[in-house]
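The values are calculated or read from the model by the stated rules, or taken from the named source; none is laboratory data. Quick caveat, the model's predicted, so the values are computed rather than measured. Cβ coordinates were reconstructed from backbone atoms using ideal geometry, including for glycine residues, and neighbour counts include every protein chain displayed.
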Amino acid sequence: MPSARRFRRRRHSILRGLALALGALCGLWLAGFLVFLTVVLTAAPPNPMPHADGIVALTGGDDRLSAALALLADRDAPLLLISGAGRGTYLGDFTNDNVAAATHFASAITLGHMAGTTHGNAVETTRWVRAHHMRSLIIVTADYHMPRAMSEMHSALPGITLIPAPVRPPAMYSPFSLSTLRLLAGEYSKYLVVRAGLRPFAARLITQD
C-alpha cells in the first residue's frame, strides 16, 4: 500500500507540474497576443513614403491592390509585383475600381502566378527582386498579416531594405468582434510558427494566408 500511495503522489505531482507548465505557456501566448494586437492596431505606412526600387502586393483583398496601385501612381517605386495572383489571371480580372489603373500601368506590373502561401510570396518576390537587381521594396498587405509577411520576406531577402505599407481591411474595422479576434488569434499562432522556424513541420496550419 505505501508503494501505491507513493505512486499516486508521484502521479499527482507530475499532473500538477504539467498543469502549471500549460498555464504558463497559455499566459505567455496571451501576453504575446496582446503585444501582437497592439502592433497591428497601431500599424500605419510611413509618411512620407520612402522611395523604393519596387512594390510587392500580396494578394488577399482588393484593398491591398488599390493601395499598391496608388503607390505606383505616386511614383514611390517604378515597378509592382502582384504576388499570388493565381494561375490564369491577368490584369483585366481585377475589380472595376482597379482595372483602369492596372491597365494604365501595365508595363510596370508583373503578375506572380505561383505563390499560394506567404512563404510562396517570399520565394516569388525573391526571384523578381533578383531579376531586377533591386535593393529596396515596399511590402503591401493587410495590417494583421504584415508581421508574418515581413518575417518571411526578411528571411528570403537578407540585405534588402523592406518598407511595410500595411492596409486596414474591412475585417479590422471591428477588431474586438469575435470573428476578428479569432482571425487575429489564428494569424498570431501562424506568426509564432514562422518565427520559431517550425513552418516546415506545420505546413497544413499555414497553407491558407
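Quick notes on this structure:
- Subset of region 160-172 that is more than 15 Å from the chain's Cα centre (by Cα) and modelled with pLDDT of 95 or more - its residue that is surrounded by the most Cβ atoms within 10 Å (Cβ to Cβ): ILE160
- Selection within region 73-84 - more than 18 Å from THR161 (Cβ to Cβ) and either hydrophobic (A, V, I, L, M, F, W, C) or surrounded by fewer than 14 Cβ atoms within 10 Å (Cβ to Cβ) (or both): ALA73, ASP74, ILE82
Residues checked against (1) assigned to a helix (DSSP H, G or I); (2) out of contact with any strand residue (DSSP E or B) (no Cβ under 8 Å at 6 or more places or on another chain); (3) surrounded by 12 or more Cβ atoms within 10 Å (Cβ to Cβ):
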position: ILE55; (1), (2), (3): no, no, yes
position: LEU69; (1), (2), (3): yes, no, yes
position: GLY86; (1), (2), (3): no, yes, yes
position: VAL99; (1), (2), (3): yes, yes, yes
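- Residue count, region 107-162 (criterion: in a loop (DSSP other than H, G, I, E, B) and of a type in the set (Lys, Arg)): 1
- Conditions (1) more than 30 Å from ALA185 (Cα to Cα); (2) at pLDDT 95 or above: number failed by THR103: (2)
- Hey, ARG182 surrounded by fewer than 16 Cβ atoms within 10 Å (Cβ to Cβ), charged (D, E, K, R) and under 21 Å from VAL35 (Cβ atoms) or not: yes
- Every residue from region 31-53 that is in a loop (DSSP other than H, G, I, E, B), of a type outside the set (A, V, I, L, M) and touching a helix residue (DSSP H, G or I) at 6+ places or on another chain (Cβ under 9 Å): PRO45, ASP53
- In summary, ALA24 fulfils each of the numbered conditions (1) at pLDDT below 95; (2) within 18 Å of the chain's Cα centre (by Cα) with the single exception of condition (2).
- Residue check for HIS12: at pLDDT 95 or above and surrounded by 10 or more Cβ atoms within 10 Å (Cβ to Cβ): no
- Within region 103-113, at least one residue is touching a Lys or Arg at 6+ places or on another chain (Cβ under 8 Å) and either of a type in the set (S, T, N, Q) or in contact (Cβ under 8 Å) with a residue 24 or more places away in the chain (or both).
- Every test in (1) modelled with pLDDT of 95 or more; (2) within 22 Å of PRO169 (Cα to Cα) is passed by HIS51 save one, and that test is (2).
- Criterion (surrounded by fewer than 22 Cβ atoms within 10 Å (Cβ to Cβ) and either touching a residue at least 12 places away in the same chain (Cβ under 8 Å) or of a type in the set (D, E, K, R) (or both)) met by exactly one of HIS145, HIS132: HIS132
- Condition check for ALA156: in contact with a helix residue (DSSP H, G or I) (Cβ under 8 Å, 6 or more places away or on another chain), surrounded by fewer than 20 Cβ atoms within 10 Å (Cβ to Cβ), at pLDDT 95 or above and not polar (S, T, N, Q): yes
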